[in-house]
1. Which value in nm describes the separation of the simple spin-label points at TYR144 and THR69, placed 7 Å from the Cα toward the beta carbon?
2. Given H placed 1.01 Å from N in the peptide plane, which residues other than close sequence neighbours of GLU177 have an amide H under 5 Å from its amide H?
3. Taking LYS283 as the anchor, which aspartates and glutamates have their alpha carbon closer than 19 Å to its alpha carbon, excluding any fewer than eight residues away along the same chain?
4. Relative to the present Cα-Cα distance, how much length would full extension add between ALA152 and PHE89 at 0.36 nm per residue of separation?
5. Which order do TYR184, TYR288, TYR268, TYR168 take when ranked by solvent-accessible area (1.4 Å probe, heavy atoms of all protein chains), largest first?
6. Would you mind getting me the FRET efficiency between ARG325 and ARG241? Use the beta-carbon distance for r and R0 = 30 Å, nearest 0.05.
7. According to a simple spin-label model (label point 7 Å from Cα along Cα-to-Cβ), what is the distance in nm between ASP51 and ALA258?
8. For ARG21 and LYS36, compute 0.36 nm times the residue count separating them, minus their Cα-Cα distance, and round to one decimal in nm.
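The values are calculated or read from the model by the stated rules, or taken from the named source; none is laboratory data. Keep in mind that what you see is a predicted model, and the values were worked out from it rather than measured. Backbone-built Cβ (ideal geometry, glycine too); neighbour counts: all protein chains shown. For the accessible areas, the whole protein counts, side chains as well, though only heavy atoms, and no ligand, DNA or RNA atoms are used. Shrake-Rupley method; radii C 1.70, N 1.55, O 1.52, S 1.80 Å.
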Amino acid sequence: MHGFNGLDMGLGSLPQLSDARTRSISPENFTGAKGKGGMAAEGTGAACARDLGVGWKVSPSVEIEPGSTFTMADIEGPGAIQHIWLTCFPTFWRNLIFRFYWDDEDQPSIEVPVGDFFCNGWQERTNVNSFPVAVNPAGGMNSYWMMPFRKAAKIMMENTSAEKAVLYYQVNYTLTEVPEDMAYFHAQWRRSNPVPYREVHTILDGVKGKGHYVGTYLAWQVNNNGWWGEGEIKFYMDGDREFPTICGTGTEDYFGGAWNWEHPAGQYSTYSTAFLGMHQLIKPDGLYRSQQRFGMYRWHVMDPIRFERDLKVTIQDLGWRSGHRYLPQQSDIASTAFWYQSEPHRDFPSLPDNDGREVV
């Protein structure tokens with residue numbers, strides 16, 4: 001293959017011709033094979049299409065039984081996933097587990113509850129208007145993270161709930177040559193509930209290899225009164241021990257805001273921009289509502305944090321107490337870290353069970 005490989009897409013490259021081949025996997029074409037879409041004779045829409053027959057939306061979705069795992073995509077490379085769209089009911093967002101495997105690896109490079117992967121960790125729909133992730137009414141989840149692979153790509157969805165889940169999805173990808181210097185996409189979920197007193201929440205740890213960190217999503221419940229976001233985010237890289245190479249100035253600052261997001265005075269102001277957002281605020285104004293909950297994302301697309309050998313990321317859980325003193329808080333923080341690195345990667349910590357992920 002010569003010329004443009006169809007991977008570095010943007011307005012500048014859009015006119016360029018390429019030998020890359022576009023394919024798409026959905027319940028209407030489980031393999032992505034050329035000329036095989038819309039051929040289903042049975043599926044979740046079969047009864048609705050009984051008067052029309054094959055070709056008329058016979059298989060728009062799949063049903064995943066409790067405790068079972070569904071293979072969403074199994075692709076032979078080389079190539080790259082360029083877009084994923086899916087939707088399912090919010091009650092499943094912490095119990096449907098998204099896993100991606102690159103090049104026949106045994107352990108996943110991505111293991112995240114599906115809602116958190118799309119910056120919707122609280123099982124309540126909220127829109128996201130960012131460059132790599134978009135969530136649109138009413139719960140249409142989109143990922144534009146580019147995910148290259150050389151031999152194979154496999155996407156799995158496990159239903160850990162006690163109820164059958166209905167999943168609508170489409171995986172759009174290209175088959176093309178992948179340059180040697182392209183790394184593999186990774187994402188990992190962690191939760192501190194609550195953060196131990198005078199300790200920090202670890203967003204990511206145990207990463208070994210060369211790569212770059214590209215994003216953070218936090219679902220944060222505050223368990224005390226007062227302003228809660230004084231904590232610094234810290235990036236320990238390439239042998240850092242007690243002190244990090246990169247240290248932020250405060251939680252709202254890291255997510256691109258300032259002064260407690262208080263605008264107008266006395267109110268939080270939500271926002272969702274290309275690379276930064278505090279896009280979700282859930283206030284405890286109901287009889288059975290818990291403390292305030294927040295959703296925040298920061299994409300390092302234009303400023304990736306590059307590491308040569310290792311990486312650890314933490315954030316402080318810090319507010320205020322009497323006498324104008326800092327308060328080490330004990331919030332409920334769930335984080336999703338996004339990064340690229342060379343393979344092989346270190347195995348992830350075991351994902352917490354349903355109770356450990358539950359939104360309560």
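1. Between TYR144 and THR69, the simple spin-label model gives 3.1 nm.
2. Those qualifying (amide H under 5 Å, at least 5 residues apart or on another chain) number zero.
3. GLU124, GLU252, GLU262, ASP332, GLU358
4. Details: separation 63, 0.36 × 63 = 22.68 nm, distance 2.95 nm.
Taking ALA152 through PHE89 to full extension adds about 19.7 nm, to one decimal.
5. Numbers: TYR184 20, TYR288 205, TYR268 55, TYR168 85 Å².
Descending order: TYR288, TYR168, TYR268, TYR184.
6. Working: r = 28 Å, r/R0 = 0.92.
Efficiency, rounded to the nearest 0.05: 0.60.
7. 6.1 nm
8. Working: separation 15, 0.36 × 15 = 5.40 nm, distance 1.51 nm.
Separation in residues times 0.36 nm, less the Cα-Cα distance, equals 3.9 nm.
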